[in-house]
Amino acid sequence: MTKRSSRLAGFYQLSPAQRREVLSAWAELTPEEQAALDGGLDLATADRLIENVVGLFSLPLAVAPNFLINGREYLMPLVIEEPSVVAAMANAARMARMGGGFTTGSTEPVMIGQVQILDVPDPDAATSRILAHKDELLANLADLHPTIRQRGGGPRDLQVRRLDHPVTGPMLVVHLLYDTRDAMGANAVNTAAERLAPALAALSEGRVLLRILSNLSAERRAWASCRIPVTAFDAEGFAGAEVAAGIAAATALAEIDPYRAATHNKGIFNGLDAVALATGQDWRAIEAGGHAWAARDGRYRSLSEWRVEDGHLVGRLEMPLAVGVVGGATRAHPTARVALKLLGWPDARTLAELMVTAGLAQNLAALRALAAEGIQHGHMRLHARKMVN
Ligand code: MEV
């Protein structure tokens, strides 16, 4: 990534043409890449991507400046139709800089494939037999996906779960853990699950039905955090400490109440999905995984947490994120490629970390606005009461 600062003061005051000039210089875009900013997908390519194509559909593409992530400067590419999201995110990134920016991390990119086995005569014995044959079952996948294997990916583990349902009776669900490296990996995992199925049916003496990835990619997670001095939230009329306390109190509601949690998480996805769209990701997969993760302990709750500690607002967001930088729309869509270039050609793990950062920043922006508004409203009421008295 370039050493130039992403702190582009006044970027929002430029015309779209001027912003393009700044962006092109910043990211060293070629004339073709600059042209791709106009929505570079053509009809013929679109016709190869999906069925029954009749046209193209456009959305605004913007960038949010000011991101400092793990000490590196980023402009965040965003595709979104909702006003205020971009400005709010740029503002949150600016405030996070005052605390040294964002810090991120991620697990290895391990996806889960599920094989559902019905009518198993003895589930416990079948489980033992499958686990006893784990090594050869995994070895049987050795010739699949040579590109993923060359990059260090491949099958990692097998787990067996037993579940019961009144319609089916007991069933076994085998989880294949598969490291798909820089691919989102849906196709790779589905093929591997299909390859496993006959041997699993034989070992369990049951009948295989589903062989498909799980979008709750719980083993493939990314996280981002920031620690911002409360003074960064000082504004006319109220102290930053008050705003920070308000953000923590707003999050408390999202931790205990699904009605608020859904809205709180929607704010996170405002940022995260905008980067997902810009970079050509399967945002439905990301949404499905995120919401399932938010309900992982039986109750739906906030994906992020915000606390006030030692004069700082400390925020953290961790969630499953299955994203890829090879294959799919990332390869086919010229604008998605420009977005990836803008982010410094990240690998899949880094892209997931950048996306979760965008989610955390957008969450901060929304909570700050809501908390500040509430505080202002409270002050006005106090003031009005004083005046009456
Ligand atoms: C609006 O798109 C998103 C917010 O409602 C998120 C939130 O309430 O935290 C502002």
Pairs where the first residue, in segment 24-36, is open to solvent by 40 Å² or more (accessible area, probe 1.4 Å) and the second is of a type in the set (Gly, Ala, Ser), C-beta under 6 Å, 6+ apart: 34/24
Selection count, segment 47-74, where residues are aliphatic (A, V, I, L, M) and touching a residue at least 24 places away in the same chain (Cβ under 8 Å): 8
Near pairs, Cβ below 8 angstrom, 6+ apart or cross-chain, from segment 255-284 (farther than 19 Å from residue 79 by Cβ) to any residue that is part of a helix (DSSP H, G or I) and away from the ligand (no atom under 11 Å from the Cβ): 261/255; 261/294; 265/290; 265/291; 265/294
Those residues of segment 62-72 which are buried (at least 20 other Cβ atoms within 10 Å of the Cβ) and more than 16 Å from the ligand (Cβ to nearest atom), in sequence order: 63, 65, 66, 67, 68, 69
Matching residues in segment 324-371 - criterion: being over 11 Å from residue 279 (Cβ atoms), away from the ligand (no atom under 14 Å from the Cβ) and open to solvent by less than 10 Å² (accessible area, probe 1.4 Å): 356, 357
Segment 304-330, residues that are of a type in the set (A, V, I, L, M, F, W, C) and within 17 Å of residue 368 (Cβ to Cβ): 306, 308, 313, 314, 317
Hits in segment 73-103 (condition: touching a helix residue (DSSP H, G or I) at 6+ places or on another chain (Cβ under 7 Å), surrounded by fewer than 23 Cβ atoms within 10 Å (Cβ to Cβ) and not small (Gly, Ala, Ser)): 79, 80, 82, 85, 91, 95, 98
Residue count for segment 1-23, restricted to those that are among the hydrophobic types (A, V, I, L, M, F, W, C), free of Cβ contacts under 8 Å to residues at least 24 places away in the same chain and within 30 Å of residue 70 (Cβ to Cβ): 3
Every residue from segment 80-138 that is among the small types (Gly, Ala, Ser), part of a helix (DSSP H, G or I) and under 33 Å from the mean Cα position of the chain (by Cα): 87, 88, 90, 92, 93, 96
Test: residue in segment 77-91 that is away from the ligand (no atom under 16 Å from the Cβ) and free of Cβ contacts under 8 Å to residues at least 12 places away in the same chain: no
Residue list for segment 228-261, filter: open to solvent by less than 50 Å² (accessible area, probe 1.4 Å) and in contact with a Phe, Trp or Tyr (Cβ under 7 Å, 6 or more places away or on another chain): 240, 243, 244, 247, 248, 251, 261
Flag if residue 174 is aliphatic (A, V, I, L, M), farther than 25 Å from residue 287 by Cβ and open to solvent by 20 Å² or more (accessible area, probe 1.4 Å): no
When residues of segment 262-276 are limited to those that are touching a helix residue (DSSP H, G or I) at 6+ places or on another chain (Cβ under 6 Å) and more than 9 Å from the ligand (Cβ to nearest atom), the one most open to solvent (accessible area, probe 1.4 Å): 273
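The values are calculated or read from the model by the stated rules, or taken from the named source; none is laboratory data. As the structure is a prediction and not an experimental result, all values here were calculated from the model. Every residue, glycine among them, receives a Cβ derived from its backbone with ideal geometry; neighbour counts consider all protein chains shown. Surface areas here come from the heavy atoms of the whole protein model, side chains and all, with no ligands, DNA or RNA. Shrake-Rupley method; radii C 1.70, N 1.55, O 1.52, S 1.80 Å.
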